[in-house]
Amino acid sequence: MMSRLKSKRVGCFPILLLLAWLPYVDAAQVDISARYRGQTDGHFENTTPPPAFCDYWGICEHMDAVAVPLTFTKTLINRAANPRDQLLIKMPGQRRVTLMHESTGDSYDANFEFIAVSQQTKSYHQDINPVGADVQGGCSFIAGEIEEDYYPVSYFVWSIANPINPPPCYERSSWGEPVGSRLDVDVYGMAIGYRLYLPPAQRMTQGIYRGSVQYPVGPGADFDFGDNVSNLSSTMVNVDFEVDVQHVFNLEFPANSDIAVLEPPGGWKAWLGGRGSPAAAVP
């Protein structure tokens, strides 16, 4: 799905590009890329390296996905009434991203949203794995697996029901110990499924476009993992976009040109007397 969004020309684009690419200290870096090579349907090819779960479950045939290098430790409370005391994920809503041509300063708007989320968890308690398939809130279960090792490890992928404004998703943690008992789990291997709505490629100037969007991480932030979170690896997620547009046929007109004229050298005057057809200027 693609939507034609407003195009605009931006002045002083080298300065804006420099500011957009300044690194964020402590940010988890995510790189997303796509390219167009003259397909008649205007389709962009996703060139983003896929995360591990795409190979593990083979569920990325119709979903673009990328790894998000966020890790933390979560203290779960057994059968807690407050979802924030359980394994909780609150994802950011849809965002508009400005993609700027690296040479001309032309820019286009794109929409970016999350449609799935995946994590791995490792229990600190032998033989107790509090993460299963009982997903609550704004997500549904897609796939998952448990490795019953000395310390159990869980892998899961959840589908996000409302990507425009996702409500919190959580796993109702319950294990065979008293209500209110606590259990630490390491959370890692995070990845997301996403949709990037780009303008029609045929209307974009040839070249490379870049954009960026930032998401704070923490309680009440864009990425929110609930309460009792420690050892959080980053407090910001920085997503960089690179879109490469290469047309098979590219015709450009000088500035302020509003018409195209096809005529032989010297004009048509010499040919008005029936002297035949002018020779082709190109093979």
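What follows is calculated from the coordinates using simple rules that are stated; it is not laboratory data. Please read all numbers here as calculations on a predicted model, not as lab measurements. Neighbour counts are summed over all protein chains in view; Cβ atoms, including those assigned to glycine, are modelled from backbone coordinates with ideal geometry.
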How large, in Å, is the stretch 57-198 by the Kirkwood hydrodynamic radius built from its alpha-carbon pairs? 16.4 Å
At the level of C-alpha centres, the distance separating the stretch 139-199 and the stretch 47-117, in angstrom, is 13 Å
Would you mind getting me the FRET efficiency between Tyr188 and Ile128? Use the beta-carbon distance for r and R0 = 22 Å, nearest 0.05. 0.75
Each label sits 7 Å from Cα toward the beta-carbon; between Ala260 and Ile164 the label points are separated, in nm, by 3.9 nm
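How high is the FRET efficiency from Ala221 to Glu147, r the C-beta distance, R0 25 Å, rounded to 0.05?
On the way: r = 31 Å, r/R0 = 1.23.
Efficiency, rounded to the nearest 0.05: 0.20.
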In nm, spacing of pseudo-spin labels at Trp57 and Gln246 (7 Å Cα→C-beta vector): 3.5 nm
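Could you work out how much longer the chain between Asp26 and Glu177 gets when fully extended? Use 0.36 nm per residue separation minus the Cα distance between them, nm to one decimal. Don't skip to the end; give the middle numbers.
Numbers: separation 151, 0.36 × 151 = 54.36 nm, distance 3.73 nm.
Roughly 50.6 nm would be gained on extension.
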